[in-house]
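All remarks here apply to the structure that follows.
The values are calculated or read from the model by the stated rules, or taken from the named source; none is laboratory data. Remember, predicted model here, so these are calculated numbers, not experimental data. Cβ coordinates were reconstructed from backbone atoms using ideal geometry, including for glycine residues, and neighbour counts include every protein chain displayed.
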Amino acid sequence: MSVIDTSRSRPRILVADDETIIAMQIGELLESEGYALAGVAATASQAVDMARTLRPDLVLMDIVMPGGAGDPDMDAPSDGLDACAAIQRELNIPVVLLSAHGEEQFLRRARRALPAAYLIKPCQNTQVRAAIEMALALRVHNDPAAPFRLREAHHRIKNSFSLLHSMLRIQEIQATDAKARHALADAGARVLALARAHEAMLFGGPESMVDAKAHVERLAEALFQAQSPPPPQAPLALELDVEPLPLLPGQVIPCGIFLAEALTNAIRHAFPPHWNGGGNGDGATVRVSLTEEDGQAVLRVSDNGRGFCGEVQELCRRCFGLQCLKAAAEQLEGCMELGDGPLGGAVAAVRFPLFSGYQSRSA
């Protein structure tokens, strides 16, 4: 019996096989595929005992293996099938069984043991990996405590980002160099976007939709409050037009990053000091909208300022903020649009797909 100390960041798999060479080969396969080898058991009893002690994410077990001497207070399993049943009954850890036997007598016992998968040897590495991935995914999906752990994780991450944002804000206020203040403000806006994204996902599960209206409006207002310039720069107004569209969890963070970058850029660069509305007397205004157009979500940040100064493509190549916009749009699997608005000012927008089950209100 051997125990390996591994990182908790990777799925930890316990291997149970009495053939030392085969167990080593399986361990090497698991490591090469990005899993962590939690340990190796040579008997069925060792497999159950190690599963109790190590609490791996999954057990990969040969069914034909000696029982061995286990916990004297427990019934010792006679083979891998007994061990699988015991692990399922007591620990609810998924077990993938490996066997050279496909006869009905083995399959009948395997059905009672409730393994996550039953693979007939010899099997391809891709088959083993596919069985492991499906078993791990089902474990997360069927775990009643998973939503609570996910909520706790979002809460901790949100608190950490909020603390970091506060520290950056203090440093920004104390900085005397303009470039340093701008750099700290940019970093603070990105961190705030991450904090609000995890806050938006706080009460949902891994597949729950996030209310885009509440998320976008709260983030835009917080960014505007933090970034609004002091006098002598012209007073700035924020307009919001956000529809209640659903966002997938994977869309929340890049959507927030795009909004943070575009809004920060508009507040900082659209309006020079003593802006007079470009001669028409309109007050300086930044507008944030999220609408559905042709079955896609369109997040748009526009202003009535002086517009982009120079070629947009050249700006994208040398401006880190615009590179962040492009990266966020790519994560959303969307299309970014940058340019001057039809009535002046600049427009930064991203069009990205809504989830497949969304029913358009205009349909």
Residues of region 117-141 being part of a helix (DSSP H, G or I) and either touching a Lys or Arg at 6+ places or on another chain (Cβ under 6 Å) or without any contact (Cβ under 8 Å) to a residue 40 or more places away in the chain (or both), in sequence order, are 126, 127, 130, 131, 133, 134, 137, 141
Residue count, region 13-61, condition in a helix (DSSP H, G or I) and farther than 18 Å from residue 128 by Cβ, comes to 11
Hey, does region 3-11 have a residue that's outside any loop (DSSP other than H, G, I, E, B) and at pLDDT 90 or above?
no
Expected single match for modelled with pLDDT under 80 and among the charged types (D, E, K, R) among 152, 133 is 152
Reported set for region 330-353 where residues are out of contact with any Lys or Arg (no Cβ under 7 Å at 6 or more places or on another chain), buried (at least 19 other Cβ atoms within 10 Å of the Cβ) and closer than 18 Å to residue 292 by Cβ is 332, 350, 352
Contact list, first residue from region 296-320 and among the aliphatic types (A, V, I, L, M), second anywhere and assigned to a helix (DSSP H, G or I) and at pLDDT 90 or above, beta-carbon distance below 7 Å, six or more apart or interchain, is 299/255; 299/258; 299/259; 301/259; 301/262; 301/263
